[in-house]
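Notes to accompany the following structure.
The values are calculated or read from the model by the stated rules, or taken from the named source; none is laboratory data. Given the structure is predicted, the values throughout are model-derived calculations rather than measurements. Here Cβ is always computed from backbone atoms with ideal geometry, including for glycine, and neighbour counts include all displayed protein chains.
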Amino acid sequence: LIAIDSTFLSPFYVSPLAVPFPAVLAVHSITKYINGHSDVFMGAVILPNASTAQANSILQNAHGAVPGAIDAWLALRGAKTLSLRMKEHGRSDKPGATPCASDWQRRLPLRRMVSFRIGRVGALVDDGAAERSLTRTRLFTLAESLGGVESLAVPEKMAHEIIPPAERLALGITPDLVRLSVGVEGVDDLTADVEQALSRAINEWNNTSISAAFSDLERS
């Protein structure tokens, strides 16, 4: 059984059940890009034929995994603007330099989410740096999700808390890592927001360090 999670690409970029993918089924977190408004909690399984769908419908009926009418309406509302939103999400991406074999590959964005390490900015390297900078953003909301029209930012402590610390470090997920889920706001506005938040956090950290140093001198 082959299954492809197509949540991040969404149907706008790729159809896993079509050639060249030999997929048996595709799964989507409709909560993310398909809905796009952060007001639905829903998933979907896309099946290739009627016989497979019939077997799945028996399980669905037995387990009661049926969305409510309002949830279905909200998801359909979001799906109507999927193509518009996906273009905006990827508007700052650059096309790949390597020729691709098919249209969906040519349209894939090189990046959809941006990660950066606070420790690479100035002297802001302590474990609380990520949280401090994120509390100073004006457009990015401190929340854990993606795919909505609004931009979100989350430190690794929130995004990967269920992963044991040793495994996080082995994967390169360190306490100074921040994940930005970019929405559809203006690119220049989002860039300026990150820059001012980092600048404020760095200045406050430096001032705190200087004050602590003077306090140590006075005590000595």
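Taking segment 73-91 as the range and being among the charged types (D, E, K, R) and either at pLDDT 95 or above or on the phi > 0 side of the Ramachandran plot (or both) as the test, the residues that pass are R77, K80.
For L110, indicate whether it is within 21 Å of the chain's Cα centre (by Cα), modelled with pLDDT of 50 or more and within 30 Å of T141 (Cβ to Cβ). No: the conditions fail for L110. Among the residues of segment 149-193, those that are free of Cβ contacts under 8 Å to residues at least 40 places away in the same chain and charged (D, E, K, R) comprise E156, K157, E161, E167, R168, D188. Only one of (1) outside any loop (DSSP other than H, G, I, E, B); (2) in contact with a Leu (Cβ under 8 Å, 6 or more places away or on another chain) fails for L59. Which number is that? With (1) outside any loop (DSSP other than H, G, I, E, B); (2) in contact with a Leu (Cβ under 8 Å, 6 or more places away or on another chain) applied to L59, the lone miss is (2).
Residues that are under 30 Å from E150 (Cα atoms) and within 17 Å of the chain's Cα centre (by Cα) do not occur anywhere in segment 52-75.
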